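The values are calculated or read from the model by the stated rules, or taken from the named source; none is laboratory data. The structure displayed is predicted, hence computed values, not measured ones. Positions of Cβ are backbone-derived with ideal geometry, glycine not excepted, and every protein chain shown enters the neighbour counts.
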Amino acid sequence: MEKMEIINQGGEIVSSFSLNPKIWQVSLSRPLISLAYRGYFTNQHQNTHKTKSKGEVNKTTKKSRRQKHTGMARQGPRSNPHFVGGGVAHGPRGEKSLPLRVNKKVKKKALQSLLSEKIRRKEIIIIEKIVLENYKTKEAEKLLSGLPVGKISSLIVLGKEEENKEKLF
């Protein structure tokens with residue numbers, strides 16, 4: 001059974017509690033994490049990219065020059081893709097919508113896997129109570145620099161009973 005320690009602002013251990021192994025001791029599953037990650041970011045796309053084809057460009061449909069007796073190559077209308085200002089050949093149509101559906105159980109397993117890895121690496125800490133003299137950014141930075149995690153990006157989750165929640169925000 002894995003034990004999680006609760007520390008105070010000074011970094012001293014105040015108490016500890018045991019973690020549920022079904023949630024916090026799951027092996028790292030890179031394929032599940034990859035699937036959940038791709039599913040989340042793929043579904044963030046709006047799929048609104050669209051280009052105009054040669055039929056949608058606002059140009060004349062008249063041939064740019066006559067077919068014969070000019071000594072130059074045959075040319076069609078100025079809306080053809082090889083002319084400047086012409087339509088785009090094989091561009092995005094704005095109708096592709098390919099959502100990547102990920103099962104709830106897969107998402108849950110991926111999250112458990114990531115949290116378990118964070119616990120193994122000692123990247124999750126629990127602080128008993130956050131109390132600052134002045135609720136300023138400098139004070140919060142001083143608090144974070146004194147923690148054992150160091151200067152990595154941090155997520156702070158406040159409990160329901162946390163006092164001065166609005167000031168901490």
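Checked against the criterion of being farther than 28 Å from SER34 by Cα, outside any loop (DSSP other than H, G, I, E, B) and of a type outside the set (S, T, N, Q), the candidates ALA89, ALA110, ALA140 yield just one match: ALA140.
Quick one: in the range 18-31, which of the residues that are surrounded by 13 or more Cβ atoms within 10 Å (Cβ to Cβ), among the aliphatic types (A, V, I, L, M) and part of a loop (DSSP other than H, G, I, E, B) is modelled with the lowest pLDDT?
So, considering only residues that are surrounded by 13 or more Cβ atoms within 10 Å (Cβ to Cβ), among the aliphatic types (A, V, I, L, M) and part of a loop (DSSP other than H, G, I, E, B), the one modelled with the lowest pLDDT is LEU19.
Annotation for the range 137-155: at least one member residue is outside the structural domain of ILE33 (by TED's automatic domain parsing), more than 29 Å from PHE17 (Cβ to Cβ) and free of Cβ contacts under 8 Å to residues at least 40 places away in the same chain. Among the residues examined, ILE7 qualifies as modelled with pLDDT under 95, within 30 Å of LYS142 (Cα to Cα) and either surrounded by 14 or more Cβ atoms within 10 Å (Cβ to Cβ) or among the charged types (D, E, K, R) (or both).
Quick one: which of SER15, SER34 is surrounded by fewer than 13 Cβ atoms within 10 Å (Cβ to Cβ), within 29 Å of VAL106 (Cα to Cα) and either touching a Leu at 6+ places or on another chain (Cβ under 7 Å) or polar (S, T, N, Q) (or both)? Steps first, answer last, please.
Working: SER15 fails: within 29 Å of VAL106 (Cα to Cα).
One residue alone meets the criteria, SER34.
Taking VAL84 as the residue in question, decide whether it is over 30 Å from SER15 (Cα atoms) and either surrounded by 14 or more Cβ atoms within 10 Å (Cβ to Cβ) or touching a helix residue (DSSP H, G or I) at 6+ places or on another chain (Cβ under 6 Å) (or both). For VAL84, the condition - over 30 Å from SER15 (Cα atoms) and either surrounded by 14 or more Cβ atoms within 10 Å (Cβ to Cβ) or touching a helix residue (DSSP H, G or I) at 6+ places or on another chain (Cβ under 6 Å) (or both) - is not met.
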